[in-house]
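Participant: This is the structure I want to talk about, given as structure tokens.
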Amino acid sequence: MSELLKNKKRIIIIRLSSLGDILLTTPLIRSIKTQYPQITIDFLLREQYQDTLKLNKYISNLYLYKSDLRELNDNSYNLIVDLQNNFRSRKVVKDLKAPTLKFRKHNLDKFLLVKFKINMLKNLHQIPGRYANTIPDFKLDENGLDIFLPNDIKSNLKDELKYIGFAPGSRHFTKMWPIEYYIELGKSLSNDGHIVVMLGGKNDKKICKEISKEISSSIDLSNDDDLFQTASDLQQCSAIICNDSGLMHLACALKIPVLTFFGSTVKDFGFTPYKNHNLILENNSLNCRPCSHIGKSSCPKDHFNCMKKLTPQLAYNNLKELLT
């Protein structure tokens, strides 16, 4: 038990963005509340990610960055847990004037791994565990990620059909499995009787449409960043094929098996599927990986073998294993 939390009455956790990073805070939120039920937990995040925690039963108040900052000053916090730890969150912390714990981001270790392939991260926990380490002597429970959906949300998909979800989007090119590979895999799955479902937000609509038009009987359910609708549709899928992205973590929160591709990034950064049935495909034969800890707009070596060597046939064979 953490001595630090024993006498705390009200705390605020700060993680402003983004979808995956915020979902990865949910084991910490739940574990604090279940171990210390007397603590009121508030959370501060950006407005566009509020649905991630809007219905989270372990949170008392959800505050939005910028619009709700003045309200925070009216609260008497015993502790701030800053999991963002950047100049924006530090400004909030300074104004609140309460004892603060800051997430260690291991920036030097990430730099050493990317630039010199010196790996000081390999023995660290996944990101939820690293978040928990921000609080001295605190341990997480054994459960996975949380996402709570409205009772009235309905999926666009029918029950009991053989759906496989594709989430081909990502913010960075080097984290994206090639479009032509998704198409080839989708055709193989369609021939097997599966229905491929395209999933993604506003920035993924173009790529989802491009892939869907090449796969017979596929369904394009990409939308304008409606997280609840995407989650409801995801629940009807037997598995999701995805990149290292926020939707990978959403699938984990929904307990949907994931097959995911790691290209320019590596598992040691900690953003792997958390406590969920998964298979990670990556090319470990390259000495240029990782070339970035967040992804790049193009391959620095111009070969992109971190993704291109992960063939559709390899993905197909591993998906069969994942489904069984």
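Read the figures in this text as sums done on the coordinates, not as results from a lab. What you see is a predicted model, and the numbers here were worked out from it, not measured in a lab. Cβ atoms come from the backbone with ideal geometry, glycine included; neighbour counts cover every protein chain shown.
Participant: Mind computing the radius of gyration and Dmax over the alpha-carbon atoms of the stretch 1-111? Å is fine for both.
Facilitator: Just the Cα atoms of the stretch 1-111 yield Rg and Dmax of 13.4, 40 Å.
Participant: Return the Cα extents of the chain along principal axes one, two and three, sorted largest first, each rounded to a whole Å.
Facilitator: 60, 51, 34
Participant: Mind listing the phi-derived Karplus ³J(HN,Hα) values for the stretch 259-274, rounded to whole Hz, using 6.51, -1.76 and 1.60 with θ = phi - 60°, and x for any glycine or proline?
Facilitator: 10, 10, 10, 10, x, 6, 9, 10, 4, 5, 5, x, 9, 8, x, 9
Participant: Still on this structure: If amide hydrogens are placed 1.01 Å from N in the peptide plane, which non-local residues have theirs closer than 5 Å to the one on residue 13?
Facilitator: HN-HN under 5 Å from residue 13: 42, 43, 44, 81.
Participant: Under the rule of -39500 (n - 2.57) per DSSP H run of 4 or more residues, summed and divided by the residues of the chain, what mean residue ellipticity at 222 nm is obtained, to the nearest 500 deg cm²/dmol? The partial results should precede the final answer.
Facilitator: Numbers: 13 runs with 102 residues, N = 324.
About -8500 deg cm²/dmol.
Participant: What whole-number volume per residue, in cubic angstrom, does the convex hull of the C-alpha atoms of the stretch 137-201 give?
Facilitator: Measuring per residue, one finds 192 Å³ for the Cα hull of the stretch 137-201.
Participant: Charges at C-beta only: +1 for Lys and Arg, -1 for Asp and Glu. How large is the resulting dipole of the stretch 165-324 about its Cα centre, in Debye rounded to 20? Don't skip to the end; give the middle numbers.
Facilitator: Numbers: 17 positive and 16 negative charges, 77 e Å.
Around 360 debye, computed over the stretch 165-324.
Participant: Would you be so kind as to identify which of 166, 223, 43 lies farthest towards the positive end of the dipole of the chain, taking Lys and Arg as +1 and Asp and Glu as -1 on Cβ and the Cα centre as origin?
Facilitator: 43
Participant: Have a look at 17, 89, 216 and tell me which one the Gaussian network model of the chain (Cα, springs below 10 Å) gives the largest fluctuation.
Facilitator: Maximum among the listed residues: 216.
Participant: For the stretch 1-133, what does the relative contact order come out to in percent, with C-alpha contacts under 8 Å and a separation of six or more?
Facilitator: Details: 180 pairs, mean separation 33.2, N = 133.
In percent, rounded to a whole number, it is 25.
Participant: For a quick check: with amide H placed at 1.01 Å from N, whose amide H comes under 5 Å from residue 195's, ignoring anything fewer than 5 positions away on the same chain?
Facilitator: 162, 163, 164
Participant: With an 8 Å cut-off on Cα pairs and a minimum separation of 6 or more residues, tell me the relative contact order of the chain in percent. Walk me through the intermediate numbers first.
Facilitator: Values: 634 pairs, mean separation 56.0, N = 324.
Relative contact order of the chain: 17 percent.
Participant: In terms of modelled amide H atoms, which long-range or inter-chain residues lie less than 5 Å from the amide H of residue 220?
Facilitator: Those lying under 5 Å, H to H, from residue 220 are 198.
Participant: Based on the mean of other beta carbon atoms within 10 Å per residue, what is the order of 296-303, 190-197, 278-285, most packed first?
Facilitator: 190-197, 278-285, 296-303
Participant: Give the span of the stretch 163-323's Cα atoms along each principal axis, as three whole-Å numbers ordered largest to smallest.
Facilitator: That gives 39, 30, 29 Å along the principal axes, largest extent first.
Participant: May I pose another question? Could you list, in their original order, any pairs among 9/54; 154/309; 202/255; 154/308; 162/205 whose Cα atoms are separated by more than 32 Å?
Facilitator: Details: 9/54 21 Å; 154/309 38 Å; 202/255 24 Å; 154/308 37 Å; 162/205 23 Å.
The answer is 154/309; 154/308.
Participant: Considering only C-alpha atoms, what is the centroid distance from the stretch 37-61 to the stretch 92-135, in Å?
Facilitator: 22
Participant: Given Cα pairs under 8 Å that are at least 6 residues apart, what percent is the relative contact order of the stretch 254-324?
Facilitator: Values: 77 pairs, mean separation 29.0, N = 71.
Relative contact order, the stretch 254-324: 41 percent.
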